[in-house]
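The values are calculated or read from the model by the stated rules, or taken from the named source; none is laboratory data. Given the structure is predicted, the values throughout are model-derived calculations rather than measurements. No Cβ is skipped: glycine too gets one built from the backbone with ideal geometry, and neighbour counts run over all protein chains shown. Just the protein is used for accessible areas: all its heavy atoms, side chains included, with ligands, DNA and RNA removed. Shrake-Rupley method; radii C 1.70, N 1.55, O 1.52, S 1.80 Å.
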Amino acid sequence: MMTAMMKPLSRVLWLGCVLVFCFQVLVPCGLPGACGLDNGLAMTPTMGWLHWERFMCNVNCQEEPDSCISEKLFLQIAEIMASDGWKDVGYEYICIDDCWMAPERDSKGRLQADPKRFPGGIRRLANYVHSKGLKLGIYADVGNKTCAGFPGSFGYYDIDAQTFADWGVDLLKFDGCYCDSIQHLAEGYKQMSLALNRTGRSIVYSCEWPLYMWPIFKPNYTEIREYCNHWRNFADIYDSWQSIRNTLDWTSSNQKIIVPVAGPGGWNDPDMLVIGNFGLSRDQQITQMALWAIMAAPLLMSNDLRHISPEAKALLQDKDVIAINQDRLGRQGYRLRKENNFEVWERPLLNLAWAVAIVNLQEIGGPRSYTISVTSLGRGLACNPDCLITELLPEKRKLGFYEWTSSLKTQINPTGTVLLRLERTSSVQFSYSAVSDSL
Ligand code: GLA
């Protein structure tokens with residue numbers, strides 16, 4: 001069970017170090033029962049771009065030079081992120097996923113980038129990304145191999161953390177393939193967190209720890225939050241409506257467990273935004289954007305920013321929707337109701353405002369109307385005694401004032417969503433804690 005790194009330390013000394021380190025690293029985060037990884041990062045959900053869903057493990061640069069995993073791809077995407085408004089609305093991290101590595105470590109045991117596909121190495125790529133005012137993410141794996149079969153970090157956590165820090169990396173996505181036991185999985189995720197911290201560099205730590213634990217037993221989310229800035233819970237996202245639906249279904253079915261633990265510094269990660277690709281209709285893209293905002297999800301796009309429609313770009317760059325995702329109260333939303341193939345989700349925001357998303361899940365017929373009494377929203381307080389409601393998606397328009405006793409009627413396309421923002425108009429101030437009883 002002990003790794004090579006831990007062997008020279010006696011168990012007592014090791015425990016002592018861990019305890020001292022925990023006191024330095026972990027401080028209460030203000031959420032009941034949940035302490036966060038105190039690296040000062042991800043105070044709002046991470047925003048950026050990640051190559052996996054769109055570009056996968058394409059290493060054939062001979063035949064597909066524009067879509068293979070190479071420094072050229074990341075240089076081009078970084079350039080566009082900086083020049084095409086992406087950085088301005090908050091997309092900051094450009095992240096490499098699997099398949100960047102050479103098949104072997106170097107003579108000193110360090111990971112190295114594939115020399116043909118990354119001739120300048122990761123250091124030079126990081127310098128370029130930083131020169132554009134952006135940050136660089138990289139990928140590694142807690143086990144013996146990455147999911148695509150490249151070298152894993154098991155037994156090399158300190159060396160790899162230091163290598164990434166030396167290169168100027170700003171985020172690590174740490175996968176969980178090829179790990180031989182659940183103990184190694186948990187210890188590995190913790191050790192990498194501590195190793196990253198020891199480098200002294202600010203590196204966002206993106207985990208898949210719970211995803212790999214669920215088949216064996218229910219993850220301890222309080223513990224996961226102590227070590228990770230965000231964590232994947234559920235299967236990989238695909239460019240399809242079925243995949244979006246499965247992700248939403250999993251999230252709402254498990255919301256009692258996962259929603260309370262999310263907050264500044266630590267977020268549930270329902271995986272990448274696939275808006276701007278091939279599989280989702282306009283309405284389905286709206287649903288993904290709206291619900292990822294409600295879920296306080298990291299917004300990591302996986303698409304080709306060099307070829308994206310103006311509609312997809314406008315949706316991904318919608319400042320009002322991004323403002324909901326990035327709301328500083330940092331509370332994840334939840335599904336409030338499911339009836340007649342509609343779902344109502346809501347999320348508390350700063351200053352007693354609320355975001356509400358109504359999804360029409362019916363895949364037959366045309367637009368359907370849904371009427372909701374505003375008393376049922378925001379735990380009865382969103383419109384007490386009245387509120388101003390603005391529709392953000394699919395159209396941007398003020399719907400006007402609603403009194404506590406009034407109803408709101410919406411019309412929603414099949415597989416589409418109406419996203420609303422509710423602001424209290426009253427000067428009566430309730431303290432948030434008085435209404436934020438647990439789910
Ligand atoms: C796993 C992860 C994906 C991606 C691939 C890469 O499936 O869940 O997000 O990183 O590995 O091989």
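Structural remarks
- The residues of the range 211-248 that are within 14 Å of the chain's Cα centre (by Cα), β-branched (V, I, T) and buried (at least 22 other Cβ atoms within 10 Å of the Cβ) amount to a single one, T247.
- Search result, residues across the range 162-172 that are under 21 Å from the mean Cα position of the chain (by Cα) and not aromatic (F, W, Y): V169, D170, L171, L172
- Any hit, the range 305-328, residues being part of a strand (DSSP E or B) and at pLDDT 95 or above: no
- Residue within the range 339-347 that is aromatic (F, W, Y), within 30 Å of T46 (Cβ to Cβ) and not in a loop (DSSP other than H, G, I, E, B) present: yes
- Among the residues of the range 47-77, the one identified as outside any helix (DSSP H, G or I), more than 14 Å from the ligand (Cβ to nearest atom) and of a type in the set (A, V, I, L, M) is M47.
- Boolean, G155 is in contact with a helix residue (DSSP H, G or I) (Cβ under 7 Å, 6 or more places away or on another chain) and either of a type in the set (G, A, S) or modelled with pLDDT under 95 (or both): no
- Subset of the range 112-145 [out of contact with any Phe, Trp or Tyr (no Cβ under 8 Å at 6 or more places or on another chain) and under 15 Å from D160 (Cβ atoms)]: Q112
- Strands (runs of 3 or more DSSP E) lying entirely in the range 373-439 (those with 3 or more residues that are open to solvent by less than 20 Å² (accessible area, probe 1.4 Å) and modelled with pLDDT of 95 or more): 386-393, 407-412, 417-424
- Matching residues in the range 78-98 - criterion: being within 16 Å of the ligand (Cβ to nearest atom) and among the aliphatic types (A, V, I, L, M): I94, I96
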